[in-house]
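One structure is given below, encoded as structure tokens.
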Amino acid sequence: MDFDPVTGNLWDTENGPDYGDEINLVKLGFNSGWGKVQGICSPRYDPVRGGDFIAGEKLLNPNSHDLVDFDGKGKYSAPEFIWNKTVGPTAITFLQSDKYGKEYKNDLFVGDNNNGCLYHFDLNKDRTGLCLKAVLEDKVADSLQDLEGIIFGENGKISDIEVVPDEYLYLLSHHKNNVQIYKIVSINF
């Protein structure tokens with residue numbers, strides 16, 4: 001999780017069972033529906049897969065599904081972004097730097113464990129949602145191909161992202177038994 005340096009809003013990632021990984025804007029009383037809804041679907045037990053949960057019915061209004069409401073102070077909040085095929089998001093951070101150009105300053109970056117991708121997201125004008133285009137306008141990535149426009153880079157299995165005092169992005173990545181730290185020093189297009 002990380003705080004937006006412009007608004008102070010808290011953002012987090014949430015892993016689903018085998019679908020429905022999420023990016024969330026966390027506001028006071030936030031309830032993402034975990035246990036009753038992952039992404040926008042209810043979990044369904046799959047005995048064929050050894051008891052794993054798979055996507056069940058779509059829940060566009062899960063308030064009716066008896067979610068915890070924190071004594072009336074809580075409210076369900078739909079994800080700002082969903083990976084329908086799990087990627088295992090591991091880290092989320094805002095880049096409080098213009099080291100890669102002003103177009104990236106205060107943008108959101110997310111790493112994943114399953115594909116080793118570093119994703120880049122622009123936020124909307126009031127910074128309460130993500131600016132998503134084309135196939136991602138519905139806030140859902142249904143396939144790896146859908147992600148091509150937001151992949152900033154790839155390396156191993158990303159388990160952490162940090163911006164340190166030199167204002168560059170650093171990735172903690174592992175592959176097999178090797179753990180490495182990478183500094184992203186430039187962007188080549």
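Results, tabulated for the structure shown:
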quantity: Pair list, Cβ under 7 Å, 6 or more apart: the range 100-126 residue on the phi < 0 side of the Ramachandran plot, other residue at pLDDT below 95 and aromatic (Phe, Trp, Tyr); calculated: Phe109/Phe152; Leu118/Phe152; Tyr119/Phe152; His120/Phe152
quantity: Near pairs, Cβ below 8 angstrom, 6+ apart or cross-chain, from the range 65-86 (among the hydroxyl-bearing types (Ser, Thr, Tyr)) to any residue that is at pLDDT 75 or above and outside any loop (DSSP other than H, G, I, E, B); calculated: Ser77/Asn24; Ser77/Leu25; Ser77/Val26; Thr86/Asp21
quantity: Output for the range 107-122, where each listed residue is part of a loop (DSSP other than H, G, I, E, B) and aliphatic (A, V, I, L, M); calculated: none
quantity: Sole residue being β-branched (Val, Ile, Thr), surrounded by 15 or more Cβ atoms within 10 Å (Cβ to Cβ) and under 27 Å from Thr7 (Cα atoms), chosen from Thr128, Thr86, Thr93; calculated: Thr93
quantity: Residue list for the range 142-174, filter: touching a residue at least 24 places away in the same chain (Cβ under 8 Å), surrounded by fewer than 18 Cβ atoms within 10 Å (Cβ to Cβ), closer than 21 Å to Phe81 by Cα and not charged (D, E, K, R); calculated: Ser143, Leu144, Ile151, Gly153, Ser159
quantity: Selected residue (criterion: modelled with the lowest pLDDT) from residues of the range 4-26 that are hydroxyl-bearing (Ser, Thr, Tyr) and surrounded by 15 or more Cβ atoms within 10 Å (Cβ to Cβ); calculated: Tyr19
quantity: Subset of the range 70-83 that is surrounded by fewer than 19 Cβ atoms within 10 Å (Cβ to Cβ) and part of a loop (DSSP other than H, G, I, E, B) - its residue that is modelled with the highest pLDDT; calculated: Ala78
quantity: Positions within the range 175-187 being closer than 14 Å to Leu118 by Cα, touching a residue at least 24 places away in the same chain (Cβ under 8 Å) and not hydroxyl-bearing (Ser, Thr, Tyr), in sequence order; calculated: Ile184, Ile187
quantity: Matching residues, the range 27-69, being modelled with pLDDT of 65 or more, surrounded by fewer than 15 Cβ atoms within 10 Å (Cβ to Cβ) and of a type in the set (A, V, I, L, M); calculated: Leu28, Val48, Val68
quantity: Count - residues of the range 107-128 that are over 16 Å from Glu162 (Cβ atoms) and over 12 Å from the mean Cα position of the chain (by Cα); calculated: 10
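The values are calculated or read from the model by the stated rules, or taken from the named source; none is laboratory data. Everything quoted here is computed from the prediction, not taken from an experiment. Don't worry about glycine lacking a Cβ; one is built from the backbone with ideal geometry, like all the others, and counts go over all protein chains shown.
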